[in-house]
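Below is one structure, written out as structure tokens; the observations come after it.
The values are calculated or read from the model by the stated rules, or taken from the named source; none is laboratory data. None of the values given here were measured: they were computed from a predicted structure. Cβ: placed from backbone, ideal geometry, glycine included. Neighbour counts: every protein chain shown. Surface areas here come from the heavy atoms of the whole protein model, side chains and all, with no ligands, DNA or RNA. Shrake-Rupley method; radii C 1.70, N 1.55, O 1.52, S 1.80 Å.
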Amino acid sequence: MIEWFTMATWSPYIVGAGIGVLIWFTFLLSDRPLGCSTAYAKTAGMVETGISHEKAESMPYYQKFTPAVDWQWILVIGIIIGAFISAYLSGTFSVLVVPPLFAETFGGDAVFRGVIALFGGILMGIGARWAGGCTSGHGISGALQLSLASWVAACCFFIGGILVAGMIYGFSFI
């Protein structure tokens, strides 16, 4: 079984089943849906609190979602640590400023890659807040609860991802 942890890629069926079991345990132990996009908004709130405590306290969003380190914030840290451990154990860890696929399509300029990554991250954060959750919140937790809004959001995630990837890298099936 230890060889599973050293594999560069895993079966999507096994990973999907594992995520399903994880979400069952998450609901069983904490009675909360799995999701992490709120952690990013809370981080922004912590930064804003550090700059202007009064202004942050008066914002309705931060009254509903208190800017604090909580379980969702720790989940994000766990995702980063888990990804590092997985890449290290599989021997695929490397530091890439510009991934090869991006470099092939747009060139190897690290500053351009950084700007595009930042812009994309901001758009994804806005989209996650606008949709009321992220891919893990809607696509896993919400879909498990048979939430219609989550199923619609998950379908839109896939459609949007396919369209954007096709526009950027070309539709190879056409």
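At a glance:
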quantity	calculated
Residues (open to solvent by less than 40 Å² (accessible area, probe 1.4 Å) and in contact (Cβ under 8 Å) with a residue 60 or more places away in the chain) located in the stretch 39-65	Ala41
One residue from Leu89, Leu34, Leu101, Leu96 being of a type in the set (A, V, I, L, M) and within 20 Å of Ile140 (Cβ to Cβ)	Leu34
Enumeration of residues in the stretch 117-145 that are free of Cβ contacts under 8 Å to residues at least 12 places away in the same chain and either in a loop (DSSP other than H, G, I, E, B) or over 23 Å from Trp24 (Cα atoms) (or both)	Ala117, Leu118, Phe119, Gly120, Gly121, Ile122, Leu123, Met124, Ile126, Gly127, Trp130
All positions within the stretch 1-23 that are open to solvent by 100 Å² or more (accessible area, probe 1.4 Å) and either outside any helix (DSSP H, G or I) or touching a residue at least 60 places away in the same chain (Cβ under 8 Å) (or both)	Met1, Thr9, Trp10
Qualifying helices (runs of 4 or more DSSP H) (wholly inside the stretch 25-102; at least 3 residues being closer than 19 Å to Thr135 by Cβ and in contact with a strand residue (DSSP E or B) (Cβ under 7 Å, 6 or more places away or on another chain))	none
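Conditions tested, residue by residue: (1) farther than 17 Å from Arg32 by Cβ; (2) of a type in the set (A, V, I, L, M); (3) under 17 Å from the mean Cα position of the chain (by Cα).
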position	(1), (2), (3)
Thr49	yes, no, no
Glu54	yes, no, no
Met59	yes, yes, no
Lys64	no, no, no
Asp70	no, no, yes
Leu75	no, yes, yes
Phe84	yes, no, yes
